[in-house]
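Each remark here refers to the structure printed beneath this line.
The values are calculated or read from the model by the stated rules, or taken from the named source; none is laboratory data. It should be emphasised that the depicted structure is a prediction, and the values quoted were computed from it without experimental measurement. Here Cβ is always computed from backbone atoms with ideal geometry, including for glycine, and neighbour counts include all displayed protein chains. Calculation scope for accessible area: heavy atoms of the full protein, side chains included, ligands and nucleic acids excluded. Shrake-Rupley method; radii C 1.70, N 1.55, O 1.52, S 1.80 Å.
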Amino acid sequence: MSSRNQGRTTILKTNALGALLSFMLCGPVFPQEYPEKAVQVVLPLQVGSASDIAVRVVAERIAESLKQPFVVENVTGAAGLIGAERVAKARPDGYTLAALNNSILTILPNIQRERVKFNPFDDFVPIHGLATIPTLLGVSESLPVRNVAELITYAKARPGELNYATGGPGSPQHLAGEMFMAMSGTRMTQVPYKGATAAAAGLAGGQTQVMFIAHTLALPYLPSGKVRAIAFAGGKRSAAFPDLPTVAEAGVPGYDYSSWIALFAPKGTPSSVVSKLKSETARALGTAGMKERLEKSGLELWSVPGEELTAVMREDNARWIRVVREAKIKAD
């Protein structure tokens, strides 16, 4: 055997011996368990919004369990499309997640197709539903209407004169308002704010007269009467307002604006990571006091497994395709 080959053999034997000694002394070496560092949760909505509150409450519980920070980053712009696109293109390693609402996933893609640079069904892996966001039809203290029928009569007598507040073009408040006008035969003027929180303050301050406002954002203004709830926007009455009729019951048959927020990962995220996130999110939602904490903030717990979220999204998408077509809704 040549000296060169003998040298190679000696090196191989030495490496093998080193590996054997390492195994005997330390045991087998496996990748560290997920997560081994902070996890970023991108929320494409404003700080202080109803979705923001829900996501932070749940992320806090998950972080406590996994012993790593779950950092919520608010990436606003383009009604949530910018943040969603960022996550769709993120490295699918479990360290960048998205908290997305149904407006971003199933409404805007049917209204602003040219602006949506991701596929809601192909680019995200559903992890778990977090909360539903009860939405009220609110009016300002000075507006002399007490119910939906009176609002419709008032608006029809003054086409374009009533201002309704939104968190910006394409926001949930804008879409809910567009659907209301299309289905009620009224015409109001949108006043877009930089986020729903500012829009709620504008309604309470009398700068606008109407808003489809999340219960969370209405809470500070309801006791004083600065904002008056005249109907519930969802398809059925809210447990928080059992005596408040839905918009559909009160004069606009078929009206249903329901909102939810859920956790997603980029497509391609390892199944083991997705499974862990699913179980940890379900566990967080089931911890003592979670339901009460969400309700105190004007939210309703919505513990929907990822496997069921896809079906929910498809149902929502089909409904909005029909609504947008029939009501000729535009989000320009």
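For the range 114-147, a tally of residues being outside any strand (DSSP E or B) and of a type outside the set (K, R) returns 16. Specify the residue that is modelled with the highest pLDDT; the eligible residues are those in the range 298-332 that are assigned to a loop (DSSP other than H, G, I, E, B) and open to solvent by less than 30 Å² (accessible area, probe 1.4 Å). Only one residue fits best here, namely V304.
When you check K291 against the structure, is it touching a strand residue (DSSP E or B) at 6+ places or on another chain (Cβ under 6 Å) and open to solvent by 20 Å² or more (accessible area, probe 1.4 Å), yes or no? Judged against the criteria, K291 is a match. Being touching a residue at least 12 places away in the same chain (Cβ under 8 Å), open to solvent by 20 Å² or more (accessible area, probe 1.4 Å) and closer than 19 Å to V312 by Cα is a property that does not hold for V116.
Can we say E150 is part of a helix (DSSP H, G or I) and open to solvent by 60 Å² or more (accessible area, probe 1.4 Å)? Yes; evaluated as a whole, the condition is true for this residue. Do any residues in the range 33-47 that are farther than 15 Å from S65 by Cβ and β-branched (V, I, T) have Cβ atoms under 9 Å from those of residues that are assigned to a loop (DSSP other than H, G, I, E, B) and open to solvent by less than 30 Å² (accessible area, probe 1.4 Å), where the two are at least six apart or on different chains, and which pairs are they? Within 9 Å, the pairs are V42/V75; V42/A90; V47/G195. Of the residues A214, A182, A231, A200, the single one that is within 18 Å of V148 (Cα to Cα), among the small types (G, A, S) and in contact with a Leu (Cβ under 7 Å, 6 or more places away or on another chain) is A231. Going through the range 239-280 one residue at a time, which ones are within 30 Å of V87 (Cβ to Cβ) and in a loop (DSSP other than H, G, I, E, B)? Selection gives D256, Y257, S258, S259, K267, G268, T269, P270. Residues in the range 153-181 that are in contact (Cβ under 8 Å) with a residue 60 or more places away in the chain, more than 30 Å from K296 (Cβ to Cβ) and open to solvent by less than 50 Å² (accessible area, probe 1.4 Å): E178 alone. With respect to (1) assigned to a helix (DSSP H, G or I); (2) more than 22 Å from V323 (Cα to Cα); (3) open to solvent by less than 40 Å² (accessible area, probe 1.4 Å); (4) among the polar types (S, T, N, Q), the lone exception for T208 is condition (1). Taking the criterion of being part of a helix (DSSP H, G or I), more than 17 Å from F124 (Cβ to Cβ) and at pLDDT 90 or above, the residues of the range 26-54 that qualify are D52, I53, A54.
Among the residues of the range 55-90, those identified as polar (S, T, N, Q) and either free of Cβ contacts under 8 Å to residues at least 40 places away in the same chain or not in a helix (DSSP H, G or I) (or both) are Q68, N74, T76.
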